Amino acid sequence: ALYSVNLRVNGWVILPPTLRNEEFEDSEASGSVRIMQKALGHFSKKMRNACAQPGGLDRDAARERMALPQPVFEMLAQHLIQDGTLRKKDSWYLPVGNPKEFLSPLAKSLLDRLETAGLSGIDISIEKNEVLKKTLTDLVRMDLAVQTESPWVYANSAWAGIRRTLCGRGTLGKAWKIAEVKEELQCSRKPLLGILNLLESEGYVEWREDCRVVIQEAEDEPPESD
């Protein structure tokens, strides 16, 4: 009876092992956790709104925002992922939907700046503004941009262009040396290693002696829809 009262007062309860199979009316169950359906709706809306920001919310910040015990938070997070409200990337929770809908004015302006920069991208290491650096990282986490280990950030369209330039149709078996890549992309040497390493991790090139050899050709990608 005590657990039933706590469930209705708090909206959730964690049952001891001896009661983990107990059923409670109007509640959802996962292991030893029970959450009232009405409370689950309230918690779901609160967490979804908290994560609807550029770059989403990491696990620790989300749990702090929700102020729920770990087992209850884990059940809530899993519920939101399973019903398609949120998605998880590494330790971050992001809203499902068009990510551009969740961009701040600053994030939108940086995305435009990345598009304008094209194949030149943006060198994060020389960016002194910490807010701008964080926002660029947020764009990458939202899959709106690509970051290499250099660290350099490119708009998705620019990265697709780099991939096609070095690994497009007719390049299978081509051996790229650093100097040749530099000339082809018309850029400095600084971002080149990061570019080649990312292409290697994507499965397009592999290291052979002093060259990167194309082992898979990049297909032409359809234009992005707004």
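Since every read-out is calculated from the coordinates, none of them should be taken as a lab result. Just so it is clear, the model here is predicted, and its values are computed rather than measured. Here the Cβ is made from the backbone with ideal geometry for all residues, glycine too, and neighbour counts use every protein chain on show.
Can you pull out the GluC sites (Glu not before Pro) in region 153-220 whose DSSP state is coil and whose Cβ has at most 10 other Cβ atoms within 10 Å?
Those satisfying the criteria are GLU209.
Could you give the angle, 0 to 90 degrees to the nearest 10, between helix 156-167's Cα long axis and the longest principal axis of the Cα atoms of the chain?
Approximately 50 degrees, to the nearest ten.
Show me the three semi-axes of the equivalent ellipsoid for region 103-214, from the C-alpha gyration tensor (sqrt of 5 times each eigenvalue), largest first, rounded to whole Å.
The three semi-axes for region 103-214 are 27, 13, 12 Å.
Can you give the angle from 0 to 90° between the axis of helix 105-117 and the longest principal axis of the chain, with both taken from C-alpha atoms, to the nearest 10?
Value to nearest ten degrees: 20.
For region 103-214, calculate the relative contact order in percent as a whole number, restricting contacts to Cα pairs under 8 Å that are 6 or more residues apart.
Values: 130 pairs, mean separation 27.9, N = 112.
Relative contact order here is 25 percent.
Could you tell me the center-to-center distance, by alpha carbons, between region 79-109 and region 151-226 in angstrom?
Spelled out, the Cα-based centre of one part sits 28 Å from the other.
Could you size up the charge dipole of region 2-95 around its Cα centre, putting +1 on the beta carbon of Lys and Arg and -1 on that of Asp and Glu, and report it in debye to the nearest 20?
300 debye
Three principal axis extents, largest first, for the C-alpha atoms of region 1-120, in Å?
64, 22, 22
Each residue of region 34-45 in turn: what ³J(HN,Hα) in whole Hz from Karplus with 6.51, -1.76, 1.60 and θ = phi - 60°, glycine and Pro shown as x?
Per-residue couplings from phi come out as 10, 10, 4, 4, 5, 5, 4, x, 5, 4, 4, 5 Hz.
Angle between the Cα long axis of helix 70-82 and the longest principal axis of the chain, 0 to 90 degrees, nearest 10?
60 degrees
Any idea what the alpha-carbon Rg over 2.2 N^0.38 Å comes to for the chain?
Relative to the rule-of-thumb radius for its length, the chain sits at 1.36.
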